[in-house]
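Quick note: the coordinates plus some simple rules give every number you see, no bench work behind them. Worth saying up front: this structure is predicted, and the values here are computed from it rather than measured. Quick reminder, even Gly has a Cβ in these numbers, built from the backbone with ideal geometry, and neighbours come from all protein chains shown.
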Amino acid sequence: MKKIITIVGARPQIIKSSAISRAISTVFSTELEEIIVHTGQHYDENMSDIFFNEMGIPRPKYNLNVGSGGHGAQTAKMLEGLEKIFQDENPTAVLVYGDTNSTIAGALAASKIHIPVIHVEAGLRSFNKRMPEEVNRIACDHMSTMLFTPTITGLQNLKNEGFGLEMPTDISPDNPLVVHCGDVMYDNSLYFSKVSKEKSTILSDIDVIENEFILCTIHRDANTDVEENLNAIFRALLTIHEKSGLSIVLPLHPRTKKQMDELLSNELKEKISKKPGVKIIDPAGFLDIIALEKNSKMIITDSGGLQKESFFFQKPCIILRPQTEWVEIVENGNAILADHDEERILSAFDHFDSAQGFSYPNFYGDGKAAEFICRQIVNFL
């Protein structure tokens with residue numbers, strides 16, 4: 001029995017981890033033991049605990065409760081706590097997801113004491129090192145023993161950085177396994193779409209109608225912490241609402257709400273308060289988010305996860321960033337990069353409001369990425 005410690009800390013990682021946990025419990029229960037460690041990077045109940053409850057994910061054995069803070073302080077607390085756990089548990093490997101501070105802390109703590117690191121969502125690049133996530137994902141890849149990339153583009157990025165793509169006989173950080181596996185979030189979207197249809201009541205709860213609203217999320221610093229950018233985004237959203245009649249549904253991160261209070265102009269705040277069709281709600285659980293995605297007309301977001309899920313559920317997406325790791329959906333015409341530029345956001349909306357004939361190639365696998373990953377762990381570690 002191989003013992004795997006899974007590191008989660010941010011909301012998307014908790015969701016992603018459910019695919020691997022489900023594969024272990026249903027297919028690999030006699031070969032793999034999973035211990036979940038929650039760093040506490042996201043500690044609000046709506047941002048974390050609700051996902052364990054509604055998605056049936058095994059509860060964490062450990063929670064470091066690091067909370068919020070600067071990158072250095074937060075990562076340092078994680079490193080200290082994770083190293084002790086790794087030494088006590090002596091796992092076969094440590095599995096990390098994505099590109100957060102929890103990711104880099106887990107990878108660094110493990111690699112320093114020679115525990116193999118498994119990186120799920122390896123190879124993704126925005127080519128913008130001003131993003132902390134870009135630094136985290138690059139560093140994590142170069143510490144990993146097993147790199148599982150969700151896309152062919154990610155595989156090519158790793159090859160360009162000097163990773164070998166041939167199948168090694170004896171893997172190590174100097175000779176890692178690098179493979180294209182598909183996307184665990186596609187696994188989850190297929191699985192939980194059925195559950196969401198049965199359990200979510202979010203549309204009636206917030207009084208919106210299928211295909212008559214836009215789902216919007218905003219959380220990245222470049223959008224929330226710069227007064228000019230935040231005001232430009234909300235001006236665009238109000239214009240779209242007023243000219244189209246579509247409701248705007250905004251499940252907002254607590255910090256984004258705080259920044260709206262502090263940075264939005266009084267004129268904008270007053271207009272928003274008088275628009276019942278602009279629905280600002282608390283962060284939604286994953287089943288509710290799926291319901292909102294599936295039933296929206298369009299998605300506007302700076303979230304990497306929602307960009308992909310817009311593609312999974314065949315919804316056009318306006319990306320509130322200057323670049324994306326998910327270049328396939330932009331190149332295929334399913335998404336447009338608009339950043340925080342008001343005119344570009346409005347132009348993208350006009351394009352998607354009238355466009356037809358979208359295609360949805362099989363960019364993200366067959367819905368069995370988690371089982372593939374687990375099989376490789378069993379075979380190679």
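So here's what we get for this one:
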read-out	value
Under 12 Å from the Cα of K257 - aspartates and glutamates, other chains or at least 8 residues apart	D225, D282
Cα shape, the chain, gyration tensor, a/c 1.5 rule	prolate
Using θ = phi - 60° and Karplus 6.51 cos²θ - 1.76 cosθ + 1.60, couplings along the range 194-206 (whole Hz; Gly, Pro as x)	5, 5, 4, 4, 7, 10, 7, 10, 4, 5, 6, 4, 9
For the range 116-199, share of DSSP beta bridges that run antiparallel, in % to the nearest 5	10 percent
Difference of contour (0.36 nm per residue) and Cα-Cα distance, K194 to E262	20.5 nm
Neighbour count of at most 12 Cβ within 10 Å plus DSSP loop: longest trypsin sites (Lys or Arg not before Pro)-free window in the chain	131-273
Environment charge at S347 (Cβ cut-off 11 Å; Lys +1, Arg +1, Asp -1, Glu -1)	-4
Cβ-Cβ FRET estimate between N63 and I281, R0 fixed at 25 Å, reported to 0.05	0.40
Whichever lysines have a C-alpha closer than 16 Å to that of K297, once near sequence neighbours (fewer than 8 apart) are set aside	K243, K279, K308, K315
Residue-averaged 222 nm ellipticity for the chain, from DSSP H runs of 4+ at -39500 (n - 2.57), nearest 500	-14500 deg cm²/dmol
Per-pair calculated FRET efficiency, R0 = 45 Å: S204 and E31 via Cβ, rounded to 0.05	0.55
Qualifying aspartates and glutamates (Cα of each under 13 Å from Cα of K61; at least 8 residues distant if same chain)	E33, E34, D88, E89
FRET efficiency estimate (nearest 0.05) - Cβ-Cβ, Q156 to Q314, R0 30 angstrom	0.75
Helix 101-112 vs. the chain, principal-axis angle (Cα, 0 to 90°, nearest 10)	10 degrees
Linear extension gain, T239 paired with H351, 0.36 nm per residue minus alpha-carbon span	38.8 nm
D366 paired with K112, simple spin-label distance in nm, labels 7 Å along Cα-to-beta-carbon	4.1 nm
Residue among I113, I290, I272 with the largest mean-square fluctuation in a Gaussian network model of the chain, springs linking Cα atoms under 10 Å	I113
Gain on full stretching of the segment that runs from E166 to D88 - 0.36 nm per residue minus C-alpha separation	24.6 nm
